[in-house]
Amino acid sequence: MNVYLSTAQAKSIVLQLMQIFPEGVSLCDEDGVILSSSDTGRINRTSPLAKQCIEQANSGKPYNERVVDGNVTATPLFFKDVCVGAVLMLGDIEQIKRLTSIAKAVGESVIYQPYLKDTSQVSDIINFEFLSEWLNTPGEYSLDFYRRGLRNGIDVSQEYGVVLLDGIWNQLSAQKAVESILPHSNYYICLGNNSIVLIMRKGYDPSIIKDLSMLFNDVSFATGRTGPNLNEAFVSAQNTMFAGKRLYPESMIYDYRDFEFAYAISGLRQVQFDAKVNELFAQPIYDDLVQTLEVFFKESGNQAEVINKLYIHRNTLKYRLDRIQEITGKNPRVFEDLFYLYTAYILHKLKK
């Protein structure tokens, strides 16, 4: 079924998004033609970036939620499984990354509304739009925002946390599973085709994550902080997922408390480590030494536990630790040297 955006729908979407993207926003149809824009001189022009975004989204292959060219970002809009257009956003890329879900929520709610047959469906769309804004609103909430939340049955004055699910391959079955397990007064929202965000009331039972993980294969879970601002919880969950997947790709559940330090030091881009230390982590010939060091980090230097986890002889561990010291000039048995190696390791992994 082909669905085409009307000019009226495009204008409605642009007017709403201009409040969020003051530097500029445009709405393109399924061919990448600009139907409406904050810059009226762009209307009826074809955007190559939007065409690329839409073609990728309709290819049936994995695609990026954002396609970037300079300071312009494009994100696709869907009706059911069909990409029917794209939003073009002008401005700081890092900021737009945080607001992409709002752009999608606003755009797709306008697209869906003519096809909704009852008020409950309209309510679901409004709720989706509010949840998207809640996730992406930093700082203190305005009185109007509190009131809008209450109209949607949500008390944003309470503290909430976030659990991020990434790698969803069947969105519909995932939603049903989440709805069957998620307790009352908690919410969820789908971001794109492969991610779901759970919005969890403070004090939620952590066994919910384990229950959900048993229902999904190859889906990663990342928790975020719990607090009065949901955006901070969302960002911490995103950071946890980023760090967790790079440091422990074999794991599927990542707790923010285990990765806050690692993500914090990932910002130390200007730190220069000894070339021999960098070589240890970069050269495949040292993989067995790096694996040993990884377990050494996890076990806080407890050699008995390292031997047990790696199923190696104590002489093998001694040889490997001596070899690491020989290559890097840093002795893993000494706390300061071990911390130096750990910091270099974290930055190496997170720069990949």
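Structure notes:
- Candidate lysines - alpha carbon under 24 Å from K104, same-chain residues fewer than 8 apart omitted: K11, K51, K61, K80, K117, K176
- Carbon plus sulfur fraction of accessible area for the chain, probe 1.4 Å, in percent: 49 percent
- Angstrom value of the Kirkwood radius, inverse mean 1/r, which spans all Cα pairs in the chain: 22.8 Å
- With θ taken as phi - 60° and the Karplus curve 6.51 cos²θ - 1.76 cosθ + 1.60 applied, the whole-hertz 3J(HN,Hα) list for the range 75-92 is 9, x, 10, 10, 10, 6, 9, 10, 7, 10, x, 8, 9, 9, 10, 9, x, 4 Hz, x standing for glycine and proline.
- The equivalent ellipsoid that matches the C-alpha gyration tensor of the range 170-311 spans semi-axes of 34, 18, 15 angstrom, in descending order.
- For the range 270-345, the per residue solvent-accessible surface stands at 60 Å², with DNA, RNA and ligands left out and a 1.4 Å probe.
- Cα centroid separation, the range 33-62 to the range 207-254: 33 Å.
- Estimated 222 nm signal from helices in the chain, with DSSP H stretches of n ≥ 4 weighted -39500 (n - 2.57), rounded to 500: -15000 deg cm²/dmol
- Hits among lysines - C-alpha to C-alpha of K351 under 18 Å, sequence gap 8 or more where chains match: K245, K276
- Accessible area in square angstrom per residue, the range 185-248, 1.4 angstrom probe: 42 Å²
- Across all directions, the average projected area of the convex hull around the alpha carbons of the range 190-232 is 3.6 nm².
- Label point at W169 placed 7 Å out along Cα→Cβ; residues across the range 189-229 whose backbone nitrogen lies under 11 Å: 217-219
- Whole-number accessible area per residue in Å² for the range 45-117, which is evaluated in the context of all protein chains at 1.4 Å: 48 Å²
- DSSP bridge pairs, the chain: antiparallel proportion in percent, nearest 5: 95 percent
- Mean Cβ count within 10 Å, highest first, over the residues of peptides 178-184, 145-151: 145-151, 178-184
- Cβ-defined net charge surrounding C53, 13 Å radius [Lys, Arg +1; Asp, Glu -1]: -3
- Computed packing ranks the peptides 129-138, 294-303 as 129-138, 294-303, most packed first, by mean other Cβ atoms within 10 Å.
- The range 67-185: C-alpha gyration tensor shape, a/c 1.5 cut-off, then a/b vs b/c: rounded
The values are calculated or read from the model by the stated rules, or taken from the named source; none is laboratory data. This structure is a prediction, so every number in the text was calculated from the model and none was measured. All Cβ positions, even for glycine, are placed from backbone atoms using ideal geometry, and neighbour counts span all protein chains on display. Calculation scope for accessible area: heavy atoms of the full protein, side chains included, ligands and nucleic acids excluded. Shrake-Rupley method; radii C 1.70, N 1.55, O 1.52, S 1.80 Å.
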